[in-house]
Amino acid sequence: MSDNKVVRHYPHPAAGWGALKNVAFQLVNQRIPAKGVITLLSQNQPDGFDCPGCAWPDKEHTSTFEFCENGVKAVAAEATAKRVTPEFFAKHTVAELMEWSDFKLEDQGRLTNPMRYDSATDKYVPLEWDEAYAMIGAKLNTLSHADQAVFYTSGRASNEAAFLYQLFGREFGTNNFPDCSNMCHESTSMGLPEMVGIGKGSVTLEDFEHTDTLLLFGHNPATNHPRMLGELRECARRGAKIVSINPLRERGLEKFADPQSIVEMVTFGGTKISEIYVQPKLGGDLAFVKGMIKYLIEWDDQALAQGGKRIMDVEFLQQHTHGFDSFAADIRAESWEPILQESGVSREQIESVAHIYAAGERVIATWGMGITQHKHSVATIQMITNLMLLRGNIGKPGAGLCPMRGHSNVQGNRTIGIYEKPSNAFLDSLGTVYNFEPPRKHGHDVVSAIRSMLDGDVKVFISLGGNFSIATPDTDRTWQGLRNCDLTVQISTKLNRTNLVHGKDALILPCLGRTEVDMQASGAQGVTVEDSMSMVHISYGMNKPASPHLKSEPAIVAGIAHATLKNSKTPWLWYIEDYSRIRNDIERVLPDFAQYNERIKVPGGFRLPVPSYDRVWRTASGKAEFRVHAIPRDLPIHKAREQFGDKVFNLMTTRSHDQYNTTIYGLNDRYRGIFGERRVVFANKEDLADQGLKAGEYVDLVSVWQDGITRRADRFLLVEYDIPRGCLGGYYPETNNLVPLESVADISNTPTSKSVPVIMEPHRAAA
């Protein structure tokens, strides 16, 4: 490790005293030491509010403290005493604010008033809500066709807001509904349905109480879904085997100290999480899993020949699967050379993990964006599913598939209709209930929306939450696309970069947060979300709104729709008087939500049907399908190395610990030993030596892509780290500009943010 003051070894387990210290700091920094504590006691409680952070489910029997460090950061940032008022905007031009860091922008606090961009002064100025609605409606109604508008959705939007939003867009005439799923778990949504019949995980939280083996692929729970660590701790303490498969060594996958454990806190101890820690090369998971499967099939062939106990769950394979024979033939024919070369994992370690899997009777496989953001992501997810099918580890207690979703309602938004490629069944139902003909043409996802902005085909961009300009790849081109628009509208709680990267006209519409009381004509309203395990539950805010001028997301959507769709038969404003009316009509469109309002009265809510959980396979064959995939050897990194050799490295973008998605809560990443800096690049010690570089030096990163566009990210501090050779790690959004818009996953069109070919150059100082 570098002796630079930025880099300091952090020897402690994940969470523990470090987490408690940071919780206290966050509450003080947001000027809410007392209010914050009171607010947190209602977080993830049956009669409180759902965490606006990750989508990890709530326990049936909650404790008093159902929050984690990063959940505290999200809540504290929303409940903050800091405010961004019209007076703030009067003091600062957009050009000036563009020079501020993303951390400094969001640290200014909550937006209080609707604002409109004034090009003459380069400042935002206040306007009334009705003026804003009328302006949006007028602009939309001047478009030559509906597909010139794009409606983006953040994963924090509630079911009620998202349902109205998609209804508005489709009544307007488009399926242009890009959302954050396009950038994270779209590969999951594409890969699972043709194999198991649904693009959702099969497990419940209760399954973690019964599992004996967990395979954790490509995610960092300590930062991205910290409440999961409590479940992993309990699994480890009762003897379950946990295998972590992740290129970076992550503290939360090694050791965890539960802040609610008096013994661990007093003794400064912790619980070991991982039995084995496997570090494949970036993108090497498919080859690694295929190697595991090769061992399993070889052992099963031996058992069959010798009359021993079978490795495969033969009964399950016969009753519930299709395509095993051709799949097994492909595995038998696969050689070890590409498995070892492309995985970067030794044969001995592959064999060890295969033994652990074979010994497990109830296995859960989890995965995050370390799996979903590669060119071959869909194939990798399908290979993991193949592995789980071999021993019947889908659809039985303590076993199953568990994709780790990001934002709190990203899965719910997709369920409720936020999708650019909706099914005909959904559109038929929507049209019947609302008496109109929805558009059938598929719309834009995130990548195609940006391309259409660049081409000048998209004129209006509306964002229901999120920070589009920073979440997306190819930053310079994304910004140009947004600036090409005639109108950009940001529905936001806080100031962020996308408020500043705007179209010719621009609006900022401030909304209530999840923690705030949403008072409408019939009283205080609750909104619902769907967690990553398909549980739907209601959330009630408790804090006084940050400003009397704020409106709820459903109210804003309804206001825009009412001003735009002059002939609509939908009772937009009536819906807002009582959100139960929205839910009543959701269940008319989506039968899985039957008795919606009644079922959410039960603490914890209800689970939407997941057929694969019950071994019901809604596939073409009516069975779970095996899928054959070759180990890819023509990826962008292969092509780049053909041209530039060992100068090229494969970069993964990742979050720091003081970050959730695009929101920067601080400048530290203490589990990785980084303090006060975000422009760092993690590299293998031997790679640095081979390149004539040293930890503590600064480099510029240059993307390698065959389109003639120069993509750079300059002045990054080199940090020695335990990462496979040939691989680099860096934080996003600082490295997003290196991800070409055209570098996407096959089938899902997800940006390949975990495999970006780059060259490191000595930093060139500004002239």
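What follows draws every value from the coordinates through simple rules; no lab data is involved. All figures in this text were calculated on a predicted structure; none of them were measured in a lab. For neighbour counting, all protein chains shown are included, and Cβ atoms are generated from backbone atoms with ideal geometry for every residue, glycine included.
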Residue-wise HN-Hα coupling along region 614-630, computed from phi with Karplus coefficients 6.51, -1.76, 1.60 (Hz; x: Gly, Pro): 9, 6, 10, 10, 8, 10, 4, 8, x, 10, 5, 9, 7, 10, 8, 9, 6
Percent antiparallel among DSSP beta bridges confined to the chain, nearest 5, equals 45
Quick one: Karplus J couplings for region 654-664, per residue in order, coefficients 6.51, -1.76, 1.60, θ = phi - 60°, nearest Hz, x for Gly and Pro? 8, 8, 8, 6, 8, 8, 10, 6, 8, 7, 9
Proxy exposure order for HIS219, HIS185, HIS320 (fewest C-beta within 10 Å first) is HIS320, HIS219, HIS185
Mind listing the long-range amide H neighbours of SER552? Cut-off is under 5 Å, sequence gap 5 or more, other chains count too, H placed in the peptide plane at 1.01 Å from N. LEU512
Pull up all non-local amide H partners of HIS442: gap of 5 or more, or a different chain, and H-to-H distance under 5 Å with H placed in the peptide plane. none
Would you work out the relative contact order for region 636-762, in percent, from Cα pairs under 8 angstrom that are 6 or more residues apart? 36
Amide H to amide H, which residues 5 or more places from ARG391 or on other chains are under 5 Å from it, using H placed in the peptide plane? ASP313
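Got a sec? How would TRP336, TRP100 order by Cβ neighbour count within 10 Å, fewest to most? All intermediate terms of the calculation are to be shown ahead of the outcome.
Working: TRP336 11, TRP100 16.
Listing TRP336, TRP100 from fewest to most nearby Cβ atoms yields TRP336, TRP100.
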Separation of the LYS694 and PHE103 label points, Cα + 7 Å toward Cβ, nm: 2.7
Please report the antiparallel percentage of DSSP beta bridges with both residues in region 636-762, rounded to the nearest 5. 70
Once a ≥ b ≥ c are taken as the square roots of the eigenvalues of the Cα gyration tensor of the chain, is the result rounded (a/c under 1.5), prolate (a/b larger than b/c) or oblate (a/b not larger than b/c)? rounded
For region 195-404, what proportion of DSSP beta bridges, expressed in % and rounded to the nearest 5, is antiparallel? 10
Suppose the chain between ARG31 and ASP722 were pulled fully straight at 0.36 nm per residue; how much longer would it get relative to their current alpha carbon spacing? 245.0 nm
Give me a comma-separated list of calculated 3J(HN,Hα) values for region 396-401, in order, Karplus coefficients 6.51, -1.76, 1.60 applied at θ = phi - 60°, integers in Hz, x for any Gly or Pro. 9, x, x, 9, x, 9
Longest the chain segment clear of trypsin sites (Lys or Arg not before Pro) sitting in DSSP loops (not H, G, I, E or B) with at most 12 other Cβ atoms within 10 Å runs 6-237
Given only helices, namely DSSP H runs of n ≥ 4 each adding -39500 (n - 2.57), what is the per-residue ellipticity at 222 nm of the chain, to the nearest 500 deg cm²/dmol? -10000 deg cm²/dmol
Rounded tilt (10° steps) of 228-237 against the dominant C-alpha axis of the chain: 30
So how far, in whole Å, is the C-alpha centre of region 425-461 from the one of region 337-377? 38
Normalised contact order of the chain, rounded percent, pairs of Cα under 8 Å and 6 or more residues apart: 21
Among the listed pairs LYS647/LYS694; LYS685/LYS754; LYS104/LYS494; LYS5/LYS685, which have their C-alpha atoms separated by more than 22 angstrom in this model? none
Please arrange ILE311, ILE556 by how many other C-beta atoms lie within 10 Å of their C-beta, fewest to most. ILE311, ILE556
Mind jotting down the distance between the C-alpha centroids of region 731-745 and region 653-713, whole Å? 13
